[in-house]
Amino acid sequence: MRIDPAMFVHTPENQGWLRARWLALVTHLDADRIAADAAWDALVRHYSESHRAYHNLSHIMAMLRHADAERQYMSQPEVVELATWFHDIIYDTHAADNEARSASWAHHAMQAMRIDASLIVPVEQCILATQKHETWPKASGDLHLFLDLDLAILGSSLETYRHYSQAVRAEYSWVPLQAYCAGRSEILRRFVARSSLFFTPSMLARFEAPARHNIAWELKELSSLQTGK
């Protein structure tokens, strides 16, 4: 599947921005510098894995930029930012436990960096919640916002969304077409069955309508691929 090389590509300029962003975060948190540098190296290594067509450093950068626009709604911005960095650290499309493994990885990395213990559990909760992108009655507003940031791509322009859907398919290129279309369609239908795709008022206002339009487009495309029409 051909993917526009301009989409979801990590550049040296982006690398510099992300490095500065990481340093600002760990400095603010008074993290152990040696452990923080080791975590940065691991983040770059994992998010640069060759099979990642979408879930790479460009995804992290996009989430951080969306987070900047929503910062006024955060109770603990550090939780949202740490969860953003760590949530896809483990990404194996053959596995079903990526979220649990990512949360565990994050836990040990934060402990090594001597991050305040009060931040560790909320970060883990955010990461684990990405497994189904569902919440619970007493979940924090930061968790809701983090989940919305992760799905902001759904409300992008149709052109960007089209490339996103191609990139996700590329990450699952090992799955036969019919099986992929069926599985992807099931996931998308589960999302559109919700009363709303986004949990927070600001993200709902910005992204709900275009997200539903984009998903309807993709479901139609998937159906066409399945039927050959």
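No lab work stands behind these numbers, since they all come straight from the coordinates. The shown structure was predicted, so the numbers you read here are calculated from the model rather than taken from an experiment. Cβ atoms come from the backbone with ideal geometry, glycine included; neighbour counts cover every protein chain shown.
The angle separating the long axis of helix 98-112 from the principal Cα axis of greatest extent in the chain is about 10 degrees. Other residues within the sphere of radius under 14 Å centred on the Cβ of Arg212, judged by their own Cβ, net out at +3 (K and R +1, D and E -1).
A simple count of charges around Met74, restricted to other residues whose Cβ falls under 11 Å of its Cβ and scoring Lys, Arg +1 and Asp, Glu -1, yields -4. Shown for segment 153-227 is the translational diffusion coefficient from the Stokes-Einstein equation, using the Kirkwood radius over Cα pairs, a temperature of 20 °C and a viscosity of 1.002 mPa s: 167 µm²/s. Axis angle, to the nearest 10 degrees, between helix 33-47 and the longest C-alpha principal axis of the chain: 10 degrees.
Using C-alpha pairs under 8 Å with a sequence gap of at least 6, the mean separation divided by the residue count of the chain gives a relative contact order of 21 percent. Going by neighbour counts of Cβ atoms within 10 Å, the residues Ser58, Ser195, Ser75, Ser140 line up, fewest first, as Ser195, Ser75, Ser140, Ser58. For the Cα atoms of the chain, what angle does the longest principal axis make with the long axis of helix 12-28, in degrees from 0 to 90, nearest 10? So the inclination is approximately 40 degrees.
With a cut-off of 14 Å between beta carbons, the residues surrounding Val175 carry a summed charge of -1, where Lys and Arg count +1 and Asp and Glu -1.
Computed over segment 12-132, relative contact order equals 28 percent, with contacts defined as Cα pairs under 8 Å that lie 6+ residues apart.
Mind sorting out which of (1) 36, 21, 15; (2) 29, 20, 16; (3) 26, 24, 18 is the real semi-axes √(5λ) of the Cα gyration tensor in Å computed from the coordinates? Given (1) 36, 21, 15; (2) 29, 20, 16; (3) 26, 24, 18, the structure-derived one carries the label (2). Under the convention that each Lys and Arg Cβ holds +1 and each Asp and Glu Cβ holds -1, the size of the dipole of segment 1-145 around its Cα centre is about 160 debye.
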